[in-house]
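Where a number appears in this text, it was derived from the coordinates with a stated rule and is not lab data. Note that this is a predicted model, so its numbers are computed, not measured. Every residue, glycine as well, gets a Cβ built from its backbone with ideal geometry; the counts of neighbours run over all protein chains shown.
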Amino acid sequence: MATITPTRMVLNQMKGRLKTAVRGHKLLKDKRDELMRQFMEVVQENKRLRYKVEDGLSEAFAAQAVASAVMSPDMLEQALVYSKQRIELDVKYKNVMSVNVPQYSFTTNEEEGANIHPYSFAQTSGELDDAMTALQDVFSDMLELAQIEKTMQLLAQEIEKTRRRVNALEYVMIPELQGNIKYISMKLEENENSTKVRLMKVKEMVLEDAHHYKEKAAANG
Amino acid sequence: MYKIAVIGGRDTIMCFKALGLDVFAADKPEEAKKILREITGAENSYAIIYISENLAVGLKKEIEKYKDSPMPAIILIPGREGSLGIGKEALQSAVERAVGIDIL
């Protein structure tokens, strides 16, 4: 506070900054509210998907456990490891309130003989087929979960940042600017008053010099 | 084109291999840490990395690091032992971070 010079120019500068700060505060607050609304939607969706994925996966694992009980471990590994199928992921970004959130879409390459059952049916049990089918079913949910969870994290980060900015403006910047403006305008008023008083005093002295009121008053009295 | 990685116990990842994902076997968190560092390194072509929950327990710090970057997304999945609830914890911590308190 002590470092600011109480001049009209600085006052104008401060007023301009206050106006910008108030406007920025309003905009950021709106942004925060909208982000929050979207975030809550994403959170609900994430919750739903997580339950779905966890249930689906435990189902798939259970089926796999049955399969591994029926088949020998070596056979099981042999059956699964030589998979020809490849999944490739395409990532696009969507802009949600200036946050770039990923959008995943996957493609499976359709090579000859590539499917989710990469083994010959002769040497494997039917339980393994069930496990693979269950896993494939849950996979698209897993992908969606990845997308929504990342979105959630990125939104959370952005909300945190925006919230801090809003608070910094609301509780630090704006009060400080208002205080400075008040200080300067009071100081200016004070200067004005003292100038006025000085002028009045000078005028009195000048008039006294010209007309000698006091002497005349003494003579008449 | 990006790829998807799965890090987990040998039994957990076997099926994912057949599905066509890149799998990395790890039995201990230290191994998983090493793998994670490797696959998130220079080429950076993994957009999603699934890690089984029992490994993720010891990897919290590493996973935290990737939270703010748009890529890769590190997602916890339950291992064969069933859900440990850590994946849901991530949800809670995100809410806490955004709102300031846990409102769920």
Handout entry: DSSP-assigned coil residues among GluC sites (Glu not before Pro) in the range B:9-52, each with at most 14 further Cβ atoms within 10 Å
Key = B:43
Exercise for the section: Take the Cβ-Cβ distance between residue A:22 and residue A:218 as r, set R0 to 56 Å, and report the resulting FRET efficiency rounded to the nearest 0.05. Expected result: 0.35
Completion exercise
In order over the range A:137-151: 3J(HN,Hα) from phi, Karplus 6.51/-1.76/1.60, θ = phi - 60°, whole Hz, x for each Gly or Pro, gives 5, 7, 5, 5, 5, 4, 5, 5, 4, 4, 5, 6, 6, 5, 4
Problem - Lys pairs, chain B - Cα-Cα below 13 angstrom, 8 or more residues apart or on other chains - result: 4
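Please report, largest first and rounded to whole Å, the three semi-axes of the ellipsoid equivalent to the range A:50-97, where each semi-axis is the square root of five times an eigenvalue of the C-alpha gyration tensor. Working shown, then result.
Numbers: eigenvalues 210, 69, 4 Å².
Gyration-tensor ellipsoid for the range A:50-97: 32, 19, 5 Å.
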Fill in the blank from the handout: Inter-part gap, Cα centre of the range A:138-156 to Cα centre of the range B:1-72, in whole angstrom, is 15 Å
Practice task
Return an integer: the convex hull volume of the alpha-carbon atoms of the protein assembly as shown, in Å³ per residue.
Solution key: 179 Å³
Completion exercise
The size of the Cβ-based charge dipole (Lys, Arg +1; Asp, Glu -1) of the range A:1-108 about the Cα centre, to the nearest 20 debye, is 1440 debye
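Please rank B:13, B:4, fewest neighbouring Cβ atoms within 10 Å first, as an exposure proxy.
On the way: B:13 22, B:4 27.
The fewest-first ordering by Cβ neighbours comes to B:13, B:4.
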Problem - Local electrostatic count, residue A:184, Cβ distance below 15 Å [Lys/Arg +1, Asp/Glu -1] - result: +1
Fill in the blank from the handout: Residues whose modelled amide H sits under 5 Å from the amide H of residue A:96, counting only those 5 or more places away in sequence or on another chain, are A:101
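I'd like the antiparallel share, as a percent to the nearest 5, of DSSP beta bridges with both residues in chain B. All intermediate terms of the calculation are to be shown ahead of the outcome.
Working: 1 of 15 bridges.
Percent antiparallel among DSSP bridges in chain B is about 5.
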Problem - CD proxy at 222 nm, helix term only [per DSSP H run n ≥ 4: -39500 (n - 2.57); per residue of chain A; nearest 500] - result: -26500 deg cm²/dmol
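Regarding chain B, what's the average projected area of the Cα-atom convex hull, expressed in nm²? If you can, show how the numbers build up before the last one.
Numbers: hull surface 27.9 nm².
Seen from a random direction, the Cα hull of chain B projects 7.0 nm² on average.
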Handout entry: Average projection area in nm² (convex hull over Cα atoms of the range A:21-166, one quarter of hull surface)
Key = 10.3 nm²
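Helix-derived [θ] at 222 nm for chain B: sum -39500 (n - 2.57) over DSSP H runs of at least 4, divide by residue count, nearest 500?
Working: 5 runs with 45 residues, N = 104.
Theoretical 222 nm ellipticity from helices: -12000 deg cm²/dmol.
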Problem - For the protein assembly as shown, share of DSSP beta bridges that run antiparallel, in % to the nearest 5 - result: 45 percent
